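Comments concern the structure below.
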Amino acid sequence: MGNLYLIRHGQASFGADDYDVLSAVGERQSLALGEHLAQLGLRLDRCVAGSLRRQQDTARLALEALQTHGTAVPVIETDAAFNEFDADGVIRALLPGLLSDEPEALHILRNGAQHRSEFQRLFALMVQRWHNGDHTQDEHLETWQAFTTRVGDGLRRLLDSAAAGANIALFTSGGTIAALLHLVTGITPAQAFALNWQIINTSLSHLKFRGRDVALASFNSQAHVQLLRAPELITYR
C-alpha cells in the first residue's frame with residue numbers, strides 16, 4: 001500500500017497585513033518537521049503542495065531540512081486543488097447575518113490577534129453556517145460542496161498518478177484536511193471541522209491507499225514538536 005502524509009502548513013502571520021506568510025514560529029515548525037522525517041528515515045517519492053505561499057514555504061523548508069541529512073528529496077509539485085477554502089470570503093459573506101446576534105463581531109474580527117478566543121468562536125460559527133448552507137448565497141463565494149468537489153478531484157488526480165507503494169507528502173491547510181477526512185471516512189462536515197480545530201501547524205495525518213481505495217491510519221501527529229519540548233511550537237493558527 002502507498003502512504004499519503006497530509007501536512008498542515010506552519011504557523012502563518014495571523015493579524016498581519018498578509019496572513020499568507022510563515023511566521024518565525026512557522027519556519028521553525030517546518031524545519032523541525034523535516035528533521036523529524038529524517039530521523040524516521042522516511043524517503044519521499046513525491047511532494048505535492050497547494051499554491052498558497054504558506055503551503056509552498058512549509059514544503060520547501062521541510063524538504064531542505066530533510067535534504068541536509070543526505071536524503072534525496074523530490075521536486076515540489078503544485079496543485080491548487082489543495083488550497084484552503086476562502087476564509088476571508090466566508091467572513092465577508094456571513095458576517096452581516098451575524099451582527100444582530102453578535103453586535104461586537106465586527107470589532108472582534110478586525111482585531112483578531114487581540115481577541116483570539118472570541119475570534120475563533122465567531123469564525124467557527126460562520127464556518128458552520130457556511131457548510132450547512134445557512135446563509136444568503138454569494139456568487140463569488142465557493143460553497144462547501146464546491147470546495148469538497150475541488151479537493152476530491154485533486155485527491156483522485158493524485159491517486160491516479162501515484163505509483164504503487166509510493167510515499168507522498170501533501171502540504172496543505174486545515175480546512176482541506178477536514179474536507180479530505182470527510183471524503184475518506186464519511187464523517188459529517190460538522191465532525192470534520194470539530195477535528196479541524198484540533199489540527200496543529202505542521203502536524204501529520206496519515207492515509208494509506210491502494211489505487212483509489214483510501215483509509216485513515218493516523219491523525220494530527222505532533223511528535224516532531226512534542227519531542228523538542230518546545231510548547232511555543234504547538235500552535236493552531
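Within the range 131-163, being under 18 Å from the mean Cα position of the chain (by Cα) and of a type in the set (A, V, I, L, M) holds for Ala146, Val151, Leu155, Leu158. Screening the range 180-215 for residues that are surrounded by 14 or more Cβ atoms within 10 Å (Cβ to Cβ), hydrophobic (A, V, I, L, M, F, W, C) and more than 16 Å from the chain's Cα centre (by Cα) and picking the one that is nearest to Met126 (Cα to Cα) gives Ile187. Looking across the range 31-53 at every residue that is farther than 17 Å from Ala223 by Cα and free of Cβ contacts under 8 Å to residues at least 60 places away in the same chain, the one that is surrounded by the most Cβ atoms within 10 Å (Cβ to Cβ) is identified as Arg53. The residue of the range 216-237 that is farthest from Ile168 (Cα to Cα), among those that are more than 15 Å from the chain's Cα centre (by Cα) and among the aliphatic types (A, V, I, L, M), is Ala230. Of the residues contained in the range 170-189, one or more are found to be under 21 Å from Asn220 (Cα atoms), part of a loop (DSSP other than H, G, I, E, B), without any contact (Cβ under 8 Å) to a residue 60 or more places away in the chain and of a type in the set (A, V, I, L, M, F, W, C). Screening Glu27, Glu77 for residues that are assigned by TED's automatic domain parsing to the domain that holds Gln222, closer than 30 Å to Ala163 by Cα and out of contact with any Ser or Thr (no Cβ under 6 Å at 6 or more places or on another chain) leaves exactly one candidate, Glu77. Selection of first residues in the range 102-114 that are assigned by TED's automatic domain parsing to the domain that holds Tyr19 and of second residues that are part of a helix (DSSP H, G or I), restricted to Cβ pairs under 6 Å at least 6 apart or on distinct chains, gives an empty result. Checked against the criterion of being exposed (fewer than 13 other Cβ atoms within 10 Å of the Cβ), touching a residue at least 12 places away in the same chain (Cβ under 8 Å) and within 18 Å of Ser51 (Cα to Cα), the candidates Asp79, Asp153 yield just one match: Asp153.
Counting only residues that are touching a residue at least 60 places away in the same chain (Cβ under 8 Å) and assigned to a loop (DSSP other than H, G, I, E, B), the range 118-150 holds 0 of them.
The values are calculated or read from the model by the stated rules, or taken from the named source; none is laboratory data. What you see is a predicted model; the values in this text were computed from it and never measured. Quick reminder, even Gly has a Cβ in these numbers, built from the backbone with ideal geometry, and neighbours come from all protein chains shown.
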